[in-house]
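Engineer: Quick one: structure below, then a few questions.
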Amino acid sequence: MIQAAIFGFGNIGSGVATVLEENAGQIAKAVPGGIHVKYILDIREFPDSPFADRIVHDIDVILSDPEIKVVCETMGGKEPAFTFSKRALEKGISVCSSNKELVEAFGPQLLETAAAHGCSYLFEASVGGGIPLLTPLLQNLAQEDIQSVTGILNGTTNYILTKMERYGADYGQVLKEAQELGYAERNPAADVEGHDTGRKISILSSLISGKTVKFDDIHTEGITKITPADFVRAKAKGYSIKLLGVSRKCSAPDAPAGIRMEVMTAPFLVPEGHPLHSVSDVFNGVLVHGNMVDDVMFYGRGAGKLPTGSAVVADMILAAKSIGHTVPIQWEAEVLETAASSDCTNAFFVRMHAADAAKVHAAFGDCIDQVWSDETDAEFVFVTKPVKEGVFFDCLQRSGEALSVIRML
Ligand SMILES: NC(=O)c1ccc[n+]([C@@H]2O[C@H](COP(=O)([O-])OP(=O)(O)OC[C@H]3O[C@@H](n4cnc5c(N)ncnc54)[C@H](OP(=O)(O)O)[C@@H]3O)[C@@H](O)[C@H]2O)c1
């Protein structure tokens, strides 16, 4: 039997405890004797919880117990999660985390600490919640040259966009409903401004490149400017609008030397028939393209107590089966220079006032791929061919004030 501890008994930490308890028989098939939660670290008491007798408030109780071999870090935030994780690893205790903020900021450092002390730092649940994604990417797809990863990585924003599309509802109204239903936080900024997706696509980009792609270095745009009118235009042409994390190898022959990847978070028009088009509500979907395997799609619940708890437990099982050595994850601290957003290539959907149509034609010329409006329209709606973003925004500046600008997949 493996003795374990949970750092942070909130939503996910309590999910981990439930999965370990309710699926104990299943887990014992993978880890002889199973995984037993000996301690739970939290600030509060939980007198009504069946785990009340395991709650401790002092991390040293856990770190000084030589029986503890694995912990999960489900506290969230950078501190004290970083210090607690590092101290556990330095004691040779493997740490399994759901904390994307910590993983994005300190992943390489914690992996190095784990390797130096013969234990593991694992973080499957930090991206895609309950979807097995990082382990398949690192193991089953280790032989692949991954050319792109494109993902709907945030359930809250996907829920909001799905409702806007289905009911023609306004962003603010759907956000309020999502908050009432508990799908969106009181302070929704991390989700709706794209930061959560941005951190996840940074982690994915780091794992596929083996170097560090910093969240702060990538273009991050949220969903707050999407309107019902955008959905009407998109739907009429068979497109949906999704917030995507996109990471792809530069294929342009004129890509600046040394730059290998374009990484960004932004809303995109996704065409019917694309595997991500039908990923709706709180679900997440991630499309990985390898040079040999072609497209591989991952789909499931990207958040929630039990799905995310299940992914943390998967890591705890792997850590328990790997006691005495380190599960290798290639992620160096060296920062990978990604393409500036002005050098990224995308096609765009644009809504302008009809009065600006002539200026648009003069500025964009051949870059216009299709016009989606007619002469009777109060708007001039067009889509471009794939174009360097710097060129696109130069042309746009000469065209007047856009009502809406959304990238196209
Ligand atoms: N919620 C999801 O669906 C989901 C999905 C994937 C990943 N994640 C990630 O998983 C992590 C945890 O999320 P969550 O939703 O479970 O958050 P949560 O419900 O707020 O749980 C965090 C728990 O940690 C406790 N805690 C905070 N600081 C502590 C400290 N210094 N010592 C001991 N305990 C401390 C908190 O106590 P207090 O409540 O008293 O502060 C709380 O009980 C986050 O990084 C999140 O991004 C969440």
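Engineer: Can you give me the convex hull volume of the Cα atoms of the chain, divided per residue and expressed in Å³? Don't jump to the answer; show the numbers that get you there.
Structural biologist: Details: hull volume 58.5 nm³, N = 409.
Spread over its residues, the Cα hull of the chain gives 143 Å³ apiece.
Engineer: So if R0 is 25 Å, what FRET efficiency would residue 46 and residue 22 give, r being the distance between their Cβ atoms, rounded to the nearest 0.05?
Structural biologist: On the way: r = 18 Å, r/R0 = 0.71.
Between residue 46 and residue 22 the formula returns 0.90.
Engineer: What number comes out for accessible area per residue over the stretch 344-408 if the probe is 1.4 Å? Units Å², please. Before the final figure, lay out each step's value.
Structural biologist: Values: 3070 Å² over 65 residues.
Per-residue value: 47 Å².
Engineer: In addition: Please list, short to long, the whole-number percent of alpha-carbon pairs of the stretch 137-301 in consecutive 5 angstrom bins beginning at zero.
Structural biologist: Taking every Cα pair in the stretch 137-301, the percentages come to 1, 9, 17, 21, 19, 15, 9, 6, 2, 0.
Engineer: Of the heavy-atom accessible surface of the chain (probe 1.4 angstrom), what whole percent is carbon and sulfur?
Structural biologist: On the way: 8860 of 17360 Å².
Percent of accessible area from carbon and sulfur atoms in the chain: 51.
Engineer: When each pair of different Cα atoms in the stretch 91-130 is counted once in the 1/r mean, what is the Kirkwood radius in angstroms, to one decimal? Kindly include the intermediate steps, with their values, before the conclusion.
Structural biologist: Numbers: mean 1/r = 0.0979 Å⁻¹.
This gives a value of 10.2 Å.
Engineer: Follow-up question, since we're still on this one. Based on the Cβ-Cβ distance of residue 64 and residue 224, what FRET efficiency does E = 1/(1 + (r/R0)^6) give at R0 = 35 Å, to the nearest 0.05?
Structural biologist: 0.15
Engineer: So what are the three principal axis dimensions of the stretch 344-408 from its Cα atoms, in whole Å, longest to shortest?
Structural biologist: 34, 20, 20
Engineer: Moving to a separate point now. Taking the chain as the reference, fit the longest principal axis to its C-alpha atoms, fit the long axis of helix 195-209 to the helix C-alpha atoms, and give the angle between the two in degrees, 0 to 90, nearest 10.
Structural biologist: 80 degrees
Engineer: Could you tell me the ratio Rg/Rh of the stretch 20-81? Both radii from Cα atoms, Rh via Kirkwood. Before the final figure, lay out each step's value.
Structural biologist: Details: Rg = 13.1 Å, Rh = 13.3 Å.
Ratio of gyration radius to Kirkwood radius for the stretch 20-81: 0.99.
Engineer: Next up: Determine the gain in length on full extension of the stretch residue 378-residue 293; use 0.36 nm per residue of separation and subtract their C-alpha separation, reporting nm with one decimal.
Structural biologist: Values: separation 85, 0.36 × 85 = 30.60 nm, distance 4.66 nm.
Gain in length upon complete extension: 25.9 nm.
Engineer: May I ask for the angle, rounded to the nearest 10°, between helix 171-180 and the longest principal axis of the chain, with both axes built from Cα atoms and the value confined to 0 to 90°?
Structural biologist: 20 degrees
Engineer: How large is the accessible surface per residue of the stretch 137-301, computed with a 1.4 Å probe and reported in Å² as a whole number?
Structural biologist: Working: 6900 Å² over 165 residues.
Accessible area per residue: 42 Å².
Engineer: For q values of 0.20 Å⁻¹, compute log₁₀ I(q)/I(0) with the Debye formula on a Cα-only model of the stretch 1-159, without solvent.
Structural biologist: Listed by q, the Debye log ratios stand at -1.43.
Engineer: Please figure out what share of the DSSP beta bridges in the chain is antiparallel and state it in percent, rounded to the nearest 5.
Structural biologist: Values: 45 of 69 bridges.
Antiparallel bridges make up about 65 percent of those DSSP assigns within the chain.
Engineer: Along Cα→Cβ, 7 Å out, is where each label goes; now give me the distance between the ones at residue 232 and residue 117 in nm to one decimal.
Structural biologist: Label at residue 232, label at residue 117, 5.9 nm between them.
Engineer: Please give the FRET efficiency for residue 142 paired with residue 249, using the beta carbon to beta carbon distance and R0 = 22 Å, rounded to the nearest 0.05.
Structural biologist: On the way: r = 17 Å, r/R0 = 0.76.
The pair residue 142/residue 249 has a calculated efficiency of 0.85.
The values are calculated or read from the model by the stated rules, or taken from the named source; none is laboratory data. Computed from a predicted model, the values in this text were never measured in an experiment. Glycine also receives a Cβ, built like all others from the backbone with ideal geometry; neighbour counts cover every protein chain displayed. In case anyone asks, the SASA skips ligands and DNA or RNA and just uses the protein heavy atoms, side chains included. Shrake-Rupley method; radii C 1.70, N 1.55, O 1.52, S 1.80 Å.
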